[in-house]
Amino acid sequence: MNVYKQFGVEPIINASGTVTRLGGALMSPEVVQAFKEAAQVSVSLDQLQAAASRHVAKLTDTEAGLITAGCAASLTLGTAAMLAGMDLKRMEALPHATDFPNEIIIAREHRSGYDHSIRAAGAKLVEVGFNEIVSNAGVRRTEAWEYENAIGPNVAGIVYVHGPHSSPPLKDVVEVAHRYKLPVLVDAAGELPPRENLKLIPGRGADLVAFSGGKGIRGPQSTGILCGRTELIQSAALQMLDMDDHFGLWDPPANFIDKSKLPGIPRHGIGRGFKVSKEEIIALLTALDLFVSGNQDDLVSQQQQMLMKINNALENHPVDCVLQESPDSERSPILFLRIDENESANNAFEICRRLREGTPSVHVGHGRLSEGILVINPVCLREQDVDSLIIAIQREL
Ligand SMILES: *Cc1c(COP(=O)(O)O)cnc(C)c1O
């Protein structure tokens, strides 16, 4: 931790999970070692991305993959690929997609702050459907025919945000899209674990799937994966990689970028600012292998023990603890602390704020404060911090 203190930054206790604001996942020692080794040797990024592509393709059962600068970057690059394809003139024009199809269909209920990454490529979002259950106006959510209704000559593809409760089913949306020869890009940022989703989600027929590298995979925070159809991945890679070479010298592996299909070498594309370093790529691939091997499953039982300890330490305090056990050997348990706001010194919001301001600063999950609940997510919680966390919470109660 001295590296942070050396520059005047105090480490925090993170009981909030792999959130970007708090630095994402913690990398395991094997991943850090791989990062370190990779940082000390030069390689061709074309060759490295091509090797990563083959590796990701194998693990996801897709044709090709690309290591990106995060799931958000994957969304921009995936959209750029859907808009431009292998057309160099279109790549050059982005984000100004003015004289070619630029509409991307998205369910209204799939929209969020992350769709700025889709619009950043030059796409115009066309919203369809409603979630009338949430708006308390009806019994239905978005339906597949509503996507079909929005399809016209200006549509370049569909974006689908995958979650445990997303609707309509992805395979129904894919079926509509493919009937009109349109690609589907899936945002599956937080859908790992379980690791079976690496294959299950692409297996539903999507043309491109985007995952975060710095969440459940526990790779570097600034990494992500884009995987799917060869031609779209090729387009995304061309729009991200450094292109400062002579066409006659440039020699990307043909199964990654098929140079024979290109009239020349494009200039730097819209994704040039989303570069991923060699050591980040190697660290992500190492983390991905560990994730797939089940090597990290032991963490779940450690997390369970940490949460039990917190749970036990808060008995006889004005809080009702509910431990949500892990649903399988991969996903983490979660501890919910329902504050008894009549008995406690502070309400949940105040406790959350005071914990952050304390020394050490403690960040707990803040997604259910309006219900008077603090969420303890153990994914980034270190065993040696549990006692300090308990003392801090006890103090604020
Ligand atoms: C976290 C998240 C992203 C962004 O992922 P990064 O890897 O941080 O870029 C995009 N979409 C959703 C739904 C997310 O939860």
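The values are calculated or read from the model by the stated rules, or taken from the named source; none is laboratory data. Predicted model only: the values in this text are computed from it and were never measured. Quick reminder, even Gly has a Cβ in these numbers, built from the backbone with ideal geometry, and neighbours come from all protein chains shown. For the accessible areas, the whole protein counts, side chains as well, though only heavy atoms, and no ligand, DNA or RNA atoms are used. Shrake-Rupley method; radii C 1.70, N 1.55, O 1.52, S 1.80 Å.
This table checks each residue for (1) at negative phi; (2) surrounded by 14 or more Cβ atoms within 10 Å (Cβ to Cβ).
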| site | (1), (2) |
| --- | --- |
| Ser301 | yes, no |
| Lys309 | yes, yes |
| Asn316 | no, no |
| Ser326 | yes, yes |
| Pro333 | yes, yes |
| Asn342 | yes, no |
| Ala348 | yes, yes |
| Arg353 | yes, yes |
| Glu357 | yes, no |
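State the number of residues belonging to the stretch 252-270 that are open to solvent by less than 50 Å² (accessible area, probe 1.4 Å) and more than 16 Å from Leu66 (Cα to Cα). Even if it seems obvious, please write down each step before you answer.
First pass over the stretch 252-270, keeping only residues open to solvent by less than 50 Å² (accessible area, probe 1.4 Å): 252-253, 256-258, 262, 264-266, 269-270.
With more than 16 Å from Leu66 (Cα to Cα) added as a condition, the list becomes 262, 264-266.
Summing the residues that are open to solvent by less than 50 Å² (accessible area, probe 1.4 Å) and more than 16 Å from Leu66 (Cα to Cα) in the stretch 252-270 gives 4.
Just one of Ala121, Ala97 is within 16 Å of the ligand (Cβ to nearest atom), in a loop (DSSP other than H, G, I, E, B) and open to solvent by less than 30 Å² (accessible area, probe 1.4 Å); which is it?
On the way: Ala97 fails: within 16 Å of the ligand (Cβ to nearest atom).
The unique qualifying residue is Ala121.
For the stretch 177-196: of the residues being outside any loop (DSSP other than H, G, I, E, B) and surrounded by fewer than 22 Cβ atoms within 10 Å (Cβ to Cβ), which is nearest to the ligand (Cβ to nearest atom)?
So in the stretch 177-196, the residues outside any loop (DSSP other than H, G, I, E, B) come out as 177-179, 184-187.
Among the residues that remain, those that are also surrounded by fewer than 22 Cβ atoms within 10 Å (Cβ to Cβ) are: 178-179.
Details: His178: 24, Arg179: 27 Å.
The qualifying residue nearest to the ligand (Cβ to nearest atom) is His178.
Report, by residue number, each residue of the stretch 1-42 that is open to solvent by 90 Å² or more (accessible area, probe 1.4 Å), within 15 Å of the ligand (Cβ to nearest atom) and not polar (S, T, N, Q).
Arg21 - this is the single residue of the stretch 1-42 that is open to solvent by 90 Å² or more (accessible area, probe 1.4 Å), within 15 Å of the ligand (Cβ to nearest atom) and not polar (S, T, N, Q).
Identify the residue in the stretch 100-117 that is part of a loop (DSSP other than H, G, I, E, B) and closer than 19 Å to Pro164 by Cα and, among all such residues, is farthest from the ligand (Cβ to nearest atom). Outline the logic, then answer.
Keep residues of the stretch 100-117 that are part of a loop (DSSP other than H, G, I, E, B), which gives 100-102, 111-112.
Checking the rest, the ones that are also closer than 19 Å to Pro164 by Cα come to 111-112.
Details: Arg111: 11, Ser112: 6 Å.
Filtering first and then ranking leaves Arg111.
Please work out if Leu290 is among the hydrophobic types (A, V, I, L, M, F, W, C) and within 14 Å of Ser44 (Cα to Cα).
Details: among the hydrophobic types (A, V, I, L, M, F, W, C): yes; within 14 Å of Ser44 (Cα to Cα): no.
Taking the combined requirement at face value, the residue does not satisfy it.
Filter the stretch 197-229 down to residues that are basic (Lys, Arg) and near the ligand (Cβ under 10 Å from one of its atoms), then give me how many there are.
We begin by selecting, within the stretch 197-229, every residue basic (Lys, Arg); these are 199, 204, 215, 218, 229.
When the remaining residues are screened for being near the ligand (Cβ under 10 Å from one of its atoms), the result is 215.
The total comes to 1.
Here's a check for you: in the stretch 54-88, which residue that is in a loop (DSSP other than H, G, I, E, B) and in contact (Cβ under 8 Å) with a residue 60 or more places away in the chain is farthest from the ligand (Cβ to nearest atom)? Can you show your working first?
Going through the stretch 54-88, the residues in a loop (DSSP other than H, G, I, E, B) turn out to be 61-63, 69-70, 85-87.
Now restrict to residues that are in contact (Cβ under 8 Å) with a residue 60 or more places away in the chain: 61-63, 69-70, 85-86.
Values: Asp61: 21, Thr62: 18, Glu63: 22, Ala69: 8, Gly70: 3, Gly85: 24, Met86: 26 Å.
The extreme case among them is Met86.
Output the residues belonging to the stretch 199-238 that are closer than 21 Å to Val31 by Cβ and open to solvent by 10 Å² or more (accessible area, probe 1.4 Å).
Ser212, Lys215, Gly216, Arg218, Gln221, Ser222
State which residue is nearest to the ligand (Cβ to nearest atom) when the search covers only the stretch 140-176 and only residues that are more than 13 Å from Leu208 (Cα to Cα), touching an Asp or Glu at 6+ places or on another chain (Cβ under 6 Å) and open to solvent by 30 Å² or more (accessible area, probe 1.4 Å).
Taking the candidates together, the pick is Arg140.
Of (1) within 15 Å of the ligand (Cβ to nearest atom); (2) surrounded by fewer than 24 Cβ atoms within 10 Å (Cβ to Cβ); (3) in contact (Cβ under 8 Å) with a residue 12 or more places away in the chain; (4) not hydrophobic (A, V, I, L, M, F, W, C), Gly273 satisfies all except one. Which?
Checking Gly273 against (1) within 15 Å of the ligand (Cβ to nearest atom); (2) surrounded by fewer than 24 Cβ atoms within 10 Å (Cβ to Cβ); (3) in contact (Cβ under 8 Å) with a residue 12 or more places away in the chain; (4) not hydrophobic (A, V, I, L, M, F, W, C), the one that fails is (3).
I'm told Ala137 meets every condition in (1) open to solvent by less than 60 Å² (accessible area, probe 1.4 Å); (2) touching a Phe, Trp or Tyr at 6+ places or on another chain (Cβ under 9 Å); (3) away from the ligand (no atom under 16 Å from the Cβ); (4) among the small types (Gly, Ala, Ser) except one. Can you identify the failing condition by its number?
(1)
Restricting the search to the stretch 161-205, which residues are more than 17 Å from Val128 (Cα to Cα) and aliphatic (A, V, I, L, M)?
Result: Ala188, Ala189, Leu192, Leu198, Leu200, Ile201.
Report yes if Asp115 is crowded, with 22+ Cβ neighbours inside 10 Å and among the acidic types (Asp, Glu), otherwise no.
Numbers: crowded, with 22+ Cβ neighbours inside 10 Å: no; among the acidic types (Asp, Glu): yes.
For Asp115, the condition - crowded, with 22+ Cβ neighbours inside 10 Å and among the acidic types (Asp, Glu) - is not met.
Given the structure, is Ser293 open to solvent by 40 Å² or more (accessible area, probe 1.4 Å) and either without any contact (Cβ under 8 Å) to a residue 12 or more places away in the chain or closer than 28 Å to Lys36 by Cβ (or both)? Explain how you work it out, then say what you get.
Details: open to solvent by 40 Å² or more (accessible area, probe 1.4 Å): yes; either without any contact (Cβ under 8 Å) to a residue 12 or more places away in the chain or closer than 28 Å to Lys36 by Cβ (or both): yes.
Yes.
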